[in-house]
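First comes the structure, then the notes that go with it.
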Amino acid sequence: MTMPAETDATSPKHLRDKYAIVGVGETTYTRGSGKTTRALGTWAVRNAIEDAGLKPSDVDGILSYQSRDSTFSTFIAGDLGIRPNFYMDVFGGGSSTEALVGMAMGLIEAGMCKVVVIFRAMNGFSQVRIGGTGARAVAPVSGDMLHSRAYGWQSAGQMFSLTFMRHMYDYGTRPEQVAAVKAIHSEHASNNPKAFYKQRFTVEDVLKSRIICKPLHLLDCCVETDNGTALVVTSAERARDCRHPRTLIRGVVGRCNKPRTDMHYQHGPISTVAGKYAREILWPNAGVGPEDVDITGSYDAFTFTTMLQLEDYGFCKKGDGGQYVSDGTIRLGGRRPNNTSGGHLCEGYTHGLNMVIENVRQLRHDADDSCPMGPDGKRRHTYDYREGGCRQVKKCEVSANMGWANPGTGSAMVMRNE
């Protein structure tokens, strides 16, 4: 069998703009949800399907990710009346969102599904806490943990902070520069009615907060919350019949990693993260470069993870990340706003999915802020970014999301509007 002459199976642009995110959904971001992860997942998936203007019976694929802290996708499907032709629950957190979007595209491309929903449900404060306390604190020490615990690496902050310390050593990056990430994201969150933390913080507030592990202060670390989040992916053609203008997927890279994922400190440079490798896939696939991007969503488990990602994906020169995140570039009204919902540092912690939800809304020009609603039911954005006001980016046509599992593993996605 020969392929049609017009089929280009060798080019990385083969899937560009062929798929779209048509629905997004969330629960509230809270602590002490009083709900199971099954209830949270069902709530978020239902909201995403309704946002797309679809019915549960239209969905025939369901994907999720967890870290021994969630509910299997088949249970959510059964609760909502979804009969999957394909389902999968993958292990892992921060590098999963964009990777699963890529898998959803592949499932549809292969003819196995037509509409795929992706969700993450977690009681990240009241049950299994990412910081290493709660249910994780009583987990037996086995496998690779026998090595890492010997160095005092129990939590993500303890495991990742050495990368930041090495960046400080290599490039002279200062704690006050990355503290600006928290300050700026808190400004964005103050204009987000659903953010868990709406208080605006200053760089001084961050530096005065107590040290968690050198050089991380308490306010350098993300918030732990209970919540569910979900996305709906389908073909660009089918997306024409959905409720909102299409958010087209330009390119995806999923779970790209440095040569040693078991111990990323054994492969240098230590101050370089997986984005160095991922960008060689992302930008050719997307057909754009960093300078073409209007907004970014970078995984802010800590203030410095945002800096490292933006730097290694090419938004600034290597070593200039501290300057990039502190000079106003990533602020609403700046050249390239980042995490306009407040991200993990302020809105809520969802292992990356909420930053994709935010960028979809931004590309629709429908950020759910406090701007007045018009008679057509759409917000009349004022672009007044003072506290409690607007958070819609005025010029927003292309977005980039960067996921993070650890310094050695990452994922990313570029989207655009019509």
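The values are calculated or read from the model by the stated rules, or taken from the named source; none is laboratory data. Since we're looking at a predicted model, the values are computed, not measured. Here Cβ is always computed from backbone atoms with ideal geometry, including for glycine, and neighbour counts include all displayed protein chains. Surface areas here come from the heavy atoms of the whole protein model, side chains and all, with no ligands, DNA or RNA. Shrake-Rupley method; radii C 1.70, N 1.55, O 1.52, S 1.80 Å.
For the chain, modelled as a GNM whose springs connect Cα atoms under 10 angstrom apart, the maximal fluctuation among Gly333, Gly254, Gly348 occurs at Gly333.
Among beta bridges from DSSP that stay inside the chain, the antiparallel ones total about 75%. Annotation: Trp43 carries an accessible surface of approximately 80 Å², with a 1.4 Å probe and no ligand, DNA or RNA atoms counted.
Each label was represented as a point 7 Å from its Cα along the Cα-to-Cβ direction; for Ser370 and Tyr171 these points are 3.5 nm apart. Using a Gaussian network model of the chain whose springs link C-alpha atoms within less than 10 Å, name the residue from Val325, Val393, Val288 with the highest mean-square fluctuation. In the Gaussian network model the winner is Val288. Ordering Glu176, Glu204 by accessible surface, largest first, gives Glu204, Glu176; the 1.4 Å probe counts only protein heavy atoms, with every chain in place.
Computed packing ranks the peptides 408-417, 217-226 as 408-417, 217-226, most packed first, by mean other Cβ atoms within 10 Å. Residues within the reach of a label modelled at Ser235 (point 7 angstrom out along Cα to beta-carbon, backbone nitrogen below 19 Å), restricted to region 46-78, are 53-55, 57-62. Each peptide in 255-265, 240-250, 18-28, 365-375 receives the mean, over its residues, of other Cβ atoms within 10 Å, and ordering these scores from highest gives 18-28, 240-250, 255-265, 365-375. Entry note, the chain: relative contact order of 23 percent, from Cα contacts under 8 Å with a spacing of 6+ residues. Take every pair of alpha-carbon atoms less than 8 Å apart whose residues are at least six positions apart; their mean separation over the length of region 23-130 yields a relative contact order of 34 percent. Can you pick out the pairs among Lys13/Lys182; Lys182/Lys378; Lys35/Lys378; Lys194/Lys395; Lys35/Lys114 whose Cα atoms lie more than 25 Å from each other? Over 25 Å apart, Cα to Cα: Lys13/Lys182; Lys182/Lys378; Lys35/Lys378; Lys35/Lys114. Per-residue packing, averaged as other Cβ atoms within 10 Å, sorts the ranges 191-201, 63-73 into the order 63-73, 191-201, beginning with the highest. Taking amide H positions as modeled 1.01 Å from N, with prolines and chain starts lacking one, the residues under 5 Å from Arg255 and 5 or more places away or on another chain are Ala99, Gly410, Ser411, Ala412. Counting only residues at least eight positions apart within a chain, or on another chain, the lysines with an alpha carbon under 18 Å from that of Lys258 are Lys276, Lys318. The simple Förster model, with R0 at 35 Å and r as the Cβ-Cβ distance, assigns Tyr265 and Lys208 a FRET efficiency of 0.70.
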